[in-house]
Amino acid sequence: MTKAVAIIPARMGSTRFPGKVLASETGRPLIWHVHEAARRAPSISRVVIATDDERVATVVRSFGIETVMTGEHPNGTSRLAEAAEVLGLAPDAIVANVQGDEPEIEPDVIDAAVEALVRTGAEVGTIASPFAPGEDPANPNIVKAVASQTGLALYFSRSLIPHDRDGVVPPAAAPLKHVGLYTYRVAFLRRYRDLAPTPLEQVENLEQLRVLEHGFRIAVAVRPCHHHGIDTPEQYRAFVRRWRAAGASPADPA
């Protein structure tokens, strides 16, 4: 299996849940749980936390987790590019961008994003998932993905796509939600930093559209994903309840 370095951006700023990466009701900060989840993926050989905040760095290092300091960045991809540079990663090395608020991300989802990048030779790899029961595909807070039959992204949108004109959607055309996990070659991360923002990116407020608008390819692996990011204190408390219900203890790699 091709190996990758997981880099987890970790910021203290959050509109709905400031400081969430250090929330520690389980006995470990949230970012520690994300680190452990990424570490369990067979495709991952190294896990690094990238942060611009000394408070995060101090806490993370106290658990013996590798950390790199970065400057301020407009998005996670830009932060990853600096982190890869600081770490001295080779141009052909693969980096997996694991979100810092997803402590329950499934290891096989990370592996699928790495495999998609390698299999297609695309510049970026990512994940799309069928909608779970109760999820609303029309919700603009859930990003939708449309891919070609060769597994390359055609578009991402906050709108419901594809549009059901005739009221009969075959399973192969059912909406897919985009899962915000990305894989890249380091050489493309460096190139991404120099790409100008694009009109569709700015209208949809989706940074992955910059890649498509500049003519680069994003490989999409379709996998059922059950994990959720943590955006609010309520979602964090629900995670803590699930963690406790599973019988985990502060010493366990939850």
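The values are calculated or read from the model by the stated rules, or taken from the named source; none is laboratory data. Quick caveat, the model's predicted, so the values are computed rather than measured. All Cβ positions, glycine included, derive from the backbone under ideal geometry; neighbour counts span all protein chains shown. With ligands, DNA and RNA removed, areas are computed over all heavy atoms of the protein, side chains included. Shrake-Rupley method; radii C 1.70, N 1.55, O 1.52, S 1.80 Å.
Some observations on this one:
- Residue under evaluation Ala132, criteria (1) open to solvent by 10 Å² or more (accessible area, probe 1.4 Å); (2) in contact (Cβ under 8 Å) with a residue 40 or more places away in the chain; (3) closer than 20 Å to Glu204 by Cα; (4) of a type in the set (Gly, Ala, Ser), criterion not met: (3)
- Test: residue in the range 204-227 that is surrounded by 15 or more Cβ atoms within 10 Å (Cβ to Cβ), under 30 Å from Glu123 (Cα atoms), without any contact (Cβ under 8 Å) to a residue 24 or more places away in the chain and β-branched (Val, Ile, Thr): no
- Single match in Ala96, Ala83, Ala113, Ala145 (criterion: in a helix (DSSP H, G or I) and in contact with a Phe, Trp or Tyr (Cβ under 8 Å, 6 or more places away or on another chain)): Ala113
- Listed by first and then second residue, the pairs with beta-carbon distance under 7 Å, at least 6 apart or on different chains, first residue in the range 54-79 and of a type in the set (Lys, Arg), second assigned to a loop (DSSP other than H, G, I, E, B), are Arg55/Met12; Arg79/Thr70; Arg79/His73.
- Yes/no for Ala81 being at pLDDT below 95 and hydrophobic (A, V, I, L, M, F, W, C): yes
- Test: Gly167 is touching a residue at least 40 places away in the same chain (Cβ under 8 Å) and part of a loop (DSSP other than H, G, I, E, B): no
- In the range 34-74, the qualifying residues are those that are assigned to a loop (DSSP other than H, G, I, E, B) and out of contact with any strand residue (DSSP E or B) (no Cβ under 9 Å at 6 or more places or on another chain), and the one that is nearest to Thr2 (Cα to Cα) is Pro42.
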